[in-house]
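Colleague: Questions regarding the structure given below will be posed in turn.
The values are calculated or read from the model by the stated rules, or taken from the named source; none is laboratory data. Since we're looking at a predicted model, the values are computed, not measured. Note that we place each Cβ from the backbone using ideal geometry, even for glycine, and neighbour counts take in every protein chain shown. To get the accessible areas, we keep the full protein, side chains included, count just its heavy atoms, and leave off ligands, DNA and RNA. Shrake-Rupley method; radii C 1.70, N 1.55, O 1.52, S 1.80 Å.
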Amino acid sequence: MIDWSADQRDLREGLAPWFEKFGADHLRHDKAASFPKEAWQAVAESGLLGLFFDERYGGLGQDLATTMYVLEGLGHGCRNGGLNFSVTTSMVGIGAPLHRFGSPGLKERYLPGIAAGTLIGAHAISEPDAGSDALAMRTSAVADGDAYVLNGSKTFVSNGPIADVIAVYAKTDPTAGPLGVTTFLVERDTPGLSVGRPVEKMGLKSSPMAELFFDDCRIPRGQVVGRAGTGFLILDHVMKWEILLSFAVTLGEMQRRLEDCLAYARQRSAFGKPIGSFQSVANKIVEMRIGVETSRKWLYDTAEKLTAGQNITVDLAAAKLVVSEASLASALHAVQIFGGNGYMAEYGIEQELRNAVAGTIYSGTSEVQRVRIATMLGL
């Protein structure tokens, strides 16, 4: 267990007064699959979006572990899982690659807006025929004078319908494998970029998703993040931060779910006694507690190794696998513990189950994580 400092605890606890605004009408937004604009404005005003960015760009200059700790608090306090997902998507999709690899000009142009929440970010990686196999992407960017001409399409783009700027990964050299992918910052009003209608989905409904289409989009060379051909290096960095930050939020949601189930099991009676006294219910709560503590250890130990410069290929895959599947199991337990109430939309428990399914898919499916670990074991 990390011994958090008073300053770190104060930073996290400073979010508490905002949670009512963050989670306002979360059931309505889920039902309508609508982005909560007022809640996003509250998030922006809270300063949360600038956690790990340098102070020169309006950020708070926090390290990885502190950022995760505060985002864990977001997951615990905000019941709008879609909003939480849009928050980390904007921070990581644009913020992480710019913060680490962006030119001074790109940082000055975009990071203040991302940190302030006046710009919403997204990143476009997956394609209809590629999925988790990013190397199979077909979207291309061909050098033409002082620009690149971008053609292709991307799918599963979270924040796509609302994003102001998008990090797009495209092939600039189809013969170079991982060294042939480049990262571009594409603004929403770029000629030739069209955004499809929001895609209906199972969970995280208040975080809108869409397909993007690129038809001869001219992207100035100055909009390249890093250098041409470094897209997979950048993507590797982004995925590390995406998994650690988004699943820190998931950890907070799991902790709150555990607390809700514990309270419900103590006050809900059946056959003359609290349902928590039945071993079948108690065992589910015990499993939820173990899942929370195991997830916490994997996430923060992996973050510590990353900060120390160690290889975290296996650790990251295991952390993502452990947390996503523990979250799904705990959400299913919660539905069973709440019984009929858990199945009803008004309690929000079934929404959490739908949201939790997504965690086993985005940022690399559970199957991909197992393959990655097996490969590292020499299998």
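Colleague: Quickly work out the Val314-to-Lys273 label distance, labels modelled 7 Å from Cα along the C-beta direction, and quote it in nm with one decimal.
Modeller: Between Lys273 and Val314, the simple spin-label model gives 4.5 nm.
Colleague: Of all accessible surface on the stretch 168-213 at a 1.4 Å probe, what whole percent is carbon and sulfur?
Modeller: 57 percent
Colleague: Let me ask something additional. Taking Cα pairs under 8 Å and at least six residues apart, what relative contact order does the chain come out at, in percent? Could you put the intermediate results ahead of the total?
Modeller: Numbers: 706 pairs, mean separation 61.3, N = 379.
For the chain, the relative contact order is 16 percent.
Colleague: Between Leu119 and residues 5 or more places away or on another chain, which pairs have amide H atoms under 5 Å apart, with H built 1.01 Å from N, and which residues are they?
Modeller: Amide H neighbours of Leu119: Ile114.
Colleague: So, R0 is 22 Å and r is the distance between the beta-carbons of Leu179 and Glu200; what FRET efficiency does that work out to, to 0.05?
Modeller: Once rounded, the FRET efficiency stands at 0.05.
Colleague: Does the stretch 1-75 come out rounded, prolate or oblate, given a ≥ b ≥ c as the square roots of the eigenvalues of its C-alpha gyration tensor, rounded meaning a/c under 1.5 and, failing that, prolate meaning a/b above b/c?
Modeller: prolate
Colleague: Using the alpha-carbon atoms, what tilt in degrees (0 to 90, nearest 10) does helix 366-376 show relative to the longest principal axis of the chain?
Modeller: 70 degrees
Colleague: Enumerate lysine pairs in the chain that are 8 or more residues apart or on different chains, then count those whose Cα atoms are under 14 Å apart.
Modeller: Close lysine pairs found across the chain: 9.
Colleague: So what is the accessible area of the chain per residue, in Å², with the probe set to 1.4 Å?
Modeller: Per residue, the chain has an accessible area of 45 Å².
Colleague: Quick one: length gained pulling Arg289 to Asp54 fully straight, 0.36 nm per residue minus the C-alpha distance? Please report the intermediate quantities before stating the final value.
Modeller: Numbers: separation 235, 0.36 × 235 = 84.60 nm, distance 3.57 nm.
81.0 nm is the gain from fully extending Arg289 to Asp54.
Colleague: Apply the Karplus parameterisation 6.51 cos²θ - 1.76 cosθ + 1.60, with θ equal to phi minus 60°, to every residue of the stretch 86-92 and state each ³J(HN,Hα) to the nearest whole Hz, in sequence, with x for glycine and proline.
Modeller: Along the stretch 86-92, the couplings run 5, 4, 5, 4, 5, 4, 8 Hz.
Colleague: Of the listed peptides 11-19, 318-326, what is their order by residue-averaged count of other C-beta atoms within 10 Å, with the highest listed first?
Modeller: 318-326, 11-19
Colleague: Can you tell me the length gained on complete extension of the stretch Thr307 to Gln336, counting 0.36 nm per residue apart and subtracting the Cα distance?
Modeller: Working: separation 29, 0.36 × 29 = 10.44 nm, distance 3.92 nm.
That pair, Thr307 and Gln336, stretches by 6.5 nm at full extension.
Colleague: Also, quick follow-up: Enumerate the calculated ³J(HN,Hα) couplings along the stretch 21-29 in order (Karplus 6.51 cos²θ - 1.76 cosθ + 1.60, θ = phi - 60°), each rounded to whole Hz, writing x wherever the residue is Gly or Pro.
Modeller: Each residue of the stretch 21-29 in turn: 6, 4, x, 4, 6, 5, 5, 5, 5 Hz.
Colleague: Separate question: Can you work out ³J(HN,Hα) from phi for every residue in the stretch 51-67, in order, using Karplus 6.51 cos²θ - 1.76 cosθ + 1.60 and θ = phi - 60°, giving whole Hz and x for Gly and Pro?
Modeller: Ordered by residue, 3J(HN,Hα) equals 3, 9, 7, 4, 4, 5, 9, x, x, 9, x, 8, 7, 4, 4, 5, 4 Hz.
Colleague: Per DSSP H run of n ≥ 4, the term is -39500 (n - 2.57); total these for the chain, divide by its residue number, and report the mean residue ellipticity at 222 nm rounded to 500 deg cm²/dmol.
Modeller: Only helices count here, giving -16000 deg cm²/dmol.
Colleague: Mind listing the long-range amide H neighbours of Ser126? Cut-off is under 5 Å, sequence gap 5 or more, other chains count too, H placed in the peptide plane at 1.01 Å from N.
Modeller: Thr155
Colleague: Moving on to the next point. So how tilted is helix 279-307 from the main axis of the chain? Cα-based, degrees 0 to 90, rounded to 10.
Modeller: 30 degrees
Colleague: Between the helical axis of 37-46 and the dominant principal axis of the chain, each derived from Cα atoms, what acute angle in degrees is found, rounded to the nearest 10?
Modeller: Computed tilt is about 90 degrees.
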